[in-house]
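Q: Here you go, one structure.
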Amino acid sequence: MKIVIIHGQNHKGSTCMIAQELADKIKDKAQGQSEIKEFFLPKDFDEPCLGCYTCFNNDLTKCPHYPKLEPLATGLIEADLIILESPVYVYHATGQMMSFLDHFGTWWIVHRPKAEMCSKQAVAISTAAGGGMKSTVKDMADSLEMWGVGKVYKYGVGVQAVNPKEIPKRILKKIHKKTDRLSDTVCRNAGKQKMNRRGKKWFHLMRFAHKHFPPMEPDYTYWENKGWHKKARPWKSER
Ligand SMILES: Cc1cc2nc3c(=O)[nH]c(=O)nc-3n(C[C@H](O)[C@H](O)[C@H](O)COP(=O)(O)O)c2cc1C
């Protein structure tokens with residue numbers, strides 16, 4: 001299984017620890033060869049979206065930041081499992097994680113989704129000292145679901161700590177149990193995914209809009225060329 005982890009921070013704290021623990025367990029349990037690729041933000045990508053609309057009006061590959069973004073974008077496309085992780089910073093994902101995700105607006109179902117996303121699984125992980133895990137996990141899961149990823153798992157945990165060494169033993173035990181169970185689920189469901197329910201709902205809404213309202217380009221032609229205005233569906237295409 002090909003696994004890519006996007007870390008929402010440069011340091012190896014509690015959130016990074018959980019993401020790596022999960023990936024290692026999946027690597028051990030998965031059938032066939034596995035590979036883990038990791039990117040740290042902002043070390044590996046540090047640009048905020050410029051709001052130039054080049055991606056929407058033309059293509060993401062024409063984004064002024066694409067030369068820096070390309071290895072991460074390719075990592076996402078090639079992976080069977082995407083792990084996005086971020087500590088809670090003032091109730092949300094880190095600024096650098098949000099800036100990174102801003103660059104993939106055109107991958108949302110409502111624009112020009114990538115059919116490859118449908119067969120993937122993903123996990124959004126966050127830790128907080130006490131609160132804000134849910135909104136932080138949602139910050140990342142919103143993109144994963146709206147990219148059309150087949151199945152998105154969410155895991156937020158209050159660690160009552162500012163680094164892994166401080167995490168109380170009973171919470172650590174809970175974390176290990178969760179990564180055990182989640183790794184089993186991911187391995188069991190490998191290769192069985194289509195598109196998540198939220199993504200499918202938006203696919204059908206957009207298909208209706210394309211047919212009944214003036215065409216928005218280049219999105220309309222992209223869908224037309226894929227056959228999505230007819231019978232073809234992204235979750236039925238080959239990887
Ligand atoms: C700038 C900043 C903002 C934070 N905001 C919150 C918060 O809103 N709620 C919370 O419970 N903890 C908050 N924390 C604490 C961290 O989320 C928590 O310690 C987390 O487990 C750190 O993860 P890490 O070890 O992966 O960096 C914040 C920490 C920082 C540095």
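Q: Return the single residue from M216, M195, M133 with maximal mean-square fluctuation; model: Gaussian network over the chain, springs between Cα atoms under 10 Å.
A: Taking springs between Cα atoms under 10 Å, the residue moving most is M216.
Q: Also: Cα to Cα, under 16 Å, and not fewer than 8 places away if on the same chain: which aspartates and glutamates meet these conditions relative to K230?
A: Within the straight-line cut-off, K230 pairs with D219.
Q: Now, a different point. Residue separation times 0.36 nm, minus the C-alpha to C-alpha distance between Y222 and S135: what's the value?
A: 28.1 nm
Q: Sticking with this one: For the chain, what does -39500 (n - 2.57) per DSSP helix run (n ≥ 4), summed and divided by total residues, give at 222 nm, in deg cm²/dmol to the nearest 500?
A: Dividing the helical sum by the residues of the chain leaves -13000 deg cm²/dmol.
Q: So what's the net charge close to G132: Lys and Arg +1, Asp and Glu -1, counting the other residues with Cβ under 15 Å from its Cβ?
A: +1
Q: If the viscosity is 1.567 mPa s and the temperature 4 °C, what translational diffusion coefficient in µm²/s does Stokes-Einstein give for the stretch 143-196 when Rh comes from Kirkwood over Cα pairs?
A: Answer, rounded: 98 µm²/s.
Q: Note down the nm distance, to one decimal, between modelled labels 7 Å out along Cα→Cβ at K43 and at K174.
A: For the pair K43/K174, the computed spacing is 2.9 nm.
Q: While we're on this one: First check a/c for the stretch 2-236, with a ≥ b ≥ c the square roots of the eigenvalues of its C-alpha gyration tensor; if it is under 1.5, answer rounded, and if not, answer prolate when a/b is larger than b/c or oblate otherwise.
A: Here the stretch 2-236 falls in the prolate category.
Q: For the stretch 78-195, report the convex hull volume of the alpha-carbon atoms normalised per residue, in Å³, without decimals.
A: Per-residue hull volume (Cα only) is 99 Å³.
Q: Would you calculate the separation in nanometres between label points at Q33 and T61, each defined as 7 Å from the Cα along the Cα-to-beta-carbon direction?
A: 2.6 nm
Q: A follow-up question, please. Could you name the lysines whose alpha carbon sits less than 26 Å from that of K231, not counting residues in the same chain fewer than 8 places away?
A: Qualifying lysines at Cα under 26 Å: K114, K120, K151, K192, K194, K200, K201, K211.
Q: May I pose another question? Work out how much length K231 to H11 would gain on full extension: take 0.36 nm times their residue separation and subtract the Cα-Cα distance, in nm to one decimal.
A: The K231-H11 span can extend by a further 74.5 nm.
Taken together, the values in this text are just the output of simple stated rules run on the coordinates, not laboratory data. Just so you know, these numbers come straight off a predicted model, no measurement behind them. Because the Cβ atoms are built from the backbone with ideal geometry, glycine has one as well, and the counts that use them run over all protein chains shown.
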